[in-house]
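The values are calculated or read from the model by the stated rules, or taken from the named source; none is laboratory data. Since the structure is predicted, the reported quantities are computational estimates derived from the model, not experimental observations. All Cβ positions, glycine included, derive from the backbone under ideal geometry; neighbour counts span all protein chains shown.
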Amino acid sequence: MADNLDQQGNFDKQALIDNWQQVNHQIKEACTQAEEREAGSVSLLAVSKTKPAEMIAALAQQGQRDFGENYLQEAIEKITALQAQPDTNHIAWHYIGHIQRNKTRDIAEHFDWVQTVERDIIAKRLHSQRPDNLPPLNVLIQVNIDNEDSKSGCLPEELPELIVSIKDYERLQLRGLMIIPAQEDTDAFARTKQLFEQIQQAYPELKAWDTLSMGMSGDMANAIANGSTMVRVGTAIFGTRD
């Protein structure tokens with residue numbers, strides 16, 4: 001898909017909205033094809049990294065709520081700019097990049113969700129640095145479902161210990177799991193769904209355990225068929241990245 005931005009930073013607003021509507025249609029179609037899935041049971045996370053605040057605003061004005069960012073400083077600039085606008089202050093911001101210790105304060109102060117928690121030290125810092133005037137930070141644990149050396153995430157066998165730690169942090173709300181599976185691993189979504197349900201049964205005190213973030217542009221339908229509640233889509237909406 002061609003980039004929606006020209007060299008001057010201008011973009012075709014209608015083409016952007018058309019792309020977004022098409023992705024929403026694909027999600028609805030995937031829910032229809034999957035057994036026992038209602039169209040509203042899967043939310044769209046628009047991955048807006050490297051794209052300007054104006055593109056985010058255009059989609060927010062159409063009703064898109066959730067936006068995902070990987071690069072902290074770039075994200076903070078966009079969050080600050082859009083919070084001042086009455087038609088975009090409903091946005092829920094998701095941090096989906098790797099978390100370094102020295103970045104936890106800014107993440108805790110600016111984001112509504114963090115999808116890439118993989119260690120207790122990071123969770124503990126997010127908890128202690130979350131401002132008292134903000135609601136608890138929604139947290140997903142990133143799982144390295146394929147045990148790939150090149151990927152972030154805790155291993156499935158490390159999950160129970162991490163959950164026991166995080167669930168008692170009052171400034172965090174543990175919501176579920178996130179994965180980025182290997183392309184060749186066709187069973188990853190099903191295994192993650194099973195893991196998600198095992199945790200749900202083992203820890204009934206996790207009242208907000210409701211989110212499985214898995215699936216992107218190329219494997220969205222398969223992820224939804226296997227229980228995803230949130231798909232992360234960037235290029236199919238915004239075009240190729242800078």
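Structure summary
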{"quantity": "When residues of region 43-74 are limited to those that are touching a strand residue (DSSP E or B) at 6+ places or on another chain (Cβ under 9 Å) and of a type in the set (Val, Ile, Thr), the one surrounded by the fewest Cβ atoms within 10 Å (Cβ to Cβ)", "calculated": "Ile56"}
{"quantity": "Verdict on Thr186 being surrounded by fewer than 17 Cβ atoms within 10 Å (Cβ to Cβ), of a type in the set (Ser, Thr, Tyr) and more than 16 Å from the chain's Cα centre (by Cα)", "calculated": "yes"}
{"quantity": "When residues of region 155-177 are limited to those that are within 21 Å of Gln129 (Cβ to Cβ), of a type in the set (A, V, I, L, M, F, W, C) and part of a strand (DSSP E or B), the one nearest to the chain's Cα centre (by Cα)", "calculated": "Leu174"}
{"quantity": "Some residue of region 220-233 being closer than 22 Å to Asn24 by Cβ, touching a strand residue (DSSP E or B) at 6+ places or on another chain (Cβ under 7 Å), basic (Lys, Arg) and not in a loop (DSSP other than H, G, I, E, B)", "calculated": "yes"}
{"quantity": "Residue in region 115-127 that is touching a Lys or Arg at 6+ places or on another chain (Cβ under 7 Å) and under 15 Å from Gly215 (Cα atoms) present", "calculated": "no"}
{"quantity": "Residue pairs meeting the criteria (Cβ under 6 Å; at least 6 apart or on separate chains; first in contact (Cβ under 8 Å) with a residue 40 or more places away in the chain, in region 180-203; second surrounded by 15 or more Cβ atoms within 10 Å (Cβ to Cβ) and β-branched (Val, Ile, Thr))", "calculated": "Ala188/Ile145; Thr192/Ile145; Thr192/Ile179"}
{"quantity": "Test: Asn24 is under 16 Å from Arg232 (Cβ atoms), touching a strand residue (DSSP E or B) at 6+ places or on another chain (Cβ under 8 Å) and in a helix (DSSP H, G or I)", "calculated": "yes"}
{"quantity": "Residue list for region 117-145, restricted to those being surrounded by fewer than 19 Cβ atoms within 10 Å (Cβ to Cβ) and farther than 18 Å from Arg175 by Cβ", "calculated": "Ile121, Ser128, Gln129, Pro131, Asp132, Asn133"}
{"quantity": "Qualifying position, being in a loop (DSSP other than H, G, I, E, B) and either among the hydroxyl-bearing types (Ser, Thr, Tyr) or touching a Ser or Thr at 6+ places or on another chain (Cβ under 8 Å) (or both), among Thr116, Thr104, Thr192, Thr186", "calculated": "Thr186"}
{"quantity": "Among residues of region 196-211, those that are under 19 Å from the mean Cα position of the chain (by Cα) and either among the polar types (S, T, N, Q) or crowded, with 18+ Cβ neighbours inside 10 Å (or both), counted", "calculated": "3"}
{"quantity": "From Thr104, Thr116, Thr88, residue being β-branched (Val, Ile, Thr) and modelled with pLDDT under 95", "calculated": "Thr88"}
{"quantity": "Pairs where the first residue, in region 151-173, is within 14 Å of Ile122 (Cα to Cα) and of a type in the set (Lys, Arg) and the second is in a helix (DSSP H, G or I) and modelled with pLDDT of 95 or more, C-beta under 7 Å, 6+ apart", "calculated": "Arg171/His127"}
